[in-house]
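Here the structure is laid out as structure tokens; the discussion comes afterwards.
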């Protein structure tokens with residue numbers, strides 16, 4: 001059962017403040033992830049106070065990096081159930097977990113961060129891994 | 001338990017994805033819930049059985065780390081007598 005909207009509102013706002021676009025329906029997910037071009041980060045948000053509470057600041061730090069995805073979108077597990085289920089179909093090779101982070105390039109998942117890779121780690125450490133992944137997968141060769 | 005508490009008010013490993021090796025052929029990967037005199041309770045648990053053939057335990061753990069855990073048990077209680085070791089999944093991957 002979803003948590004009260006007022007409880008999760010700050011968790012949504014934390015993402016939108018850093019420029020993430022919320023996808024709250026399957027149609028929005030399909031419109032965004034279907035035939036996706038360029039680079040994108042998909043964050044599966046969660047109410048988990050500890051794992052997601054580390055993941056959101058980690059994203060904030062990572063998105064300050066010089067190399068970053070062209071688009072950042074988010075679905076909210078346990079809240080926007082339909083949107084989350086549809087988004088997970090786009091990275092079905094990976095078992096569902098929340099919070100989690102998928103990096104996509106032209107519709108292909110090039111990097112995935114599971115909940116277990118966030119648990120108990122400092123946001124700066126998770127961010128460092130994300131920045132390395134941005135460099136590896138999103139940097140434009142010159 | 002001492003040290004960093006991942007979920008305040010709970011045991012240190014509460015909510016953390018761990019590898020539980022048994023004294024038998026089975027290895028479990030799942031989220032630690034609690035430990036008491038009955039045993040260790042896990043959620044969303046994947047299983048590797050060395051007697052079943054197929055992938056090695058190391059390959060099973062590598063796949064869990066890369067692709068996530070395919071749960072075979074929503075909840076599982078492993079009796080304490082059967083527990084050989086508990087490590088975080090991220091620590092179990094070389």
So which residues in the range A:124-142 are modelled with pLDDT of 95 or more and more than 13 Å from chain B (Cβ to nearest Cβ), if there are any at all?
A:124, A:127, A:128, A:130, A:131, A:132, A:133, A:134, A:135, A:136, A:137, A:138
Can you pull out the residues in the range B:34-52 that are touching a residue at least 40 places away in the same chain (Cβ under 8 Å) and either within 14 Å of chain A (Cβ to nearest Cβ) or touching a helix residue (DSSP H, G or I) at 6+ places or on another chain (Cβ under 6 Å) (or both)?
B:39
Selection from the range A:23-49 of residues that are within 14 Å of chain B (Cβ to nearest Cβ) and either under 15 Å from the mean Cα position of the chain (by Cα) or not in a loop (DSSP other than H, G, I, E, B) (or both)
A:44, A:46, A:47, A:48
Every residue from the range A:44-55 that is within 15 Å of residue A:129 (Cβ to Cβ) and touching a strand residue (DSSP E or B) at 6+ places or on another chain (Cβ under 8 Å)
A:55
The lone condition residue B:25 fails out of (1) in contact with a helix residue (DSSP H, G or I) (Cβ under 6 Å, 6 or more places away or on another chain); (2) more than 12 Å from chain A (Cβ to nearest Cβ); (3) surrounded by 14 or more Cβ atoms within 10 Å (Cβ to Cβ) is (3)
Which of the residues belonging to the range B:53-72 are away from chain A (no Cβ under 12 Å) and surrounded by 15 or more Cβ atoms within 10 Å (Cβ to Cβ)?
B:57, B:60, B:62
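Tell me, which residue of the range A:1-22 that is in a loop (DSSP other than H, G, I, E, B) and farther than 13 Å from residue A:59 by Cα is modelled with the highest pLDDT?
Among them, the one singled out is A:4.
The values are calculated or read from the model by the stated rules, or taken from the named source; none is laboratory data. Remember, it's a predicted structure, so these values are computed and weren't measured experimentally. Cβ atoms come from the backbone with ideal geometry, glycine included; neighbour counts cover every protein chain shown.
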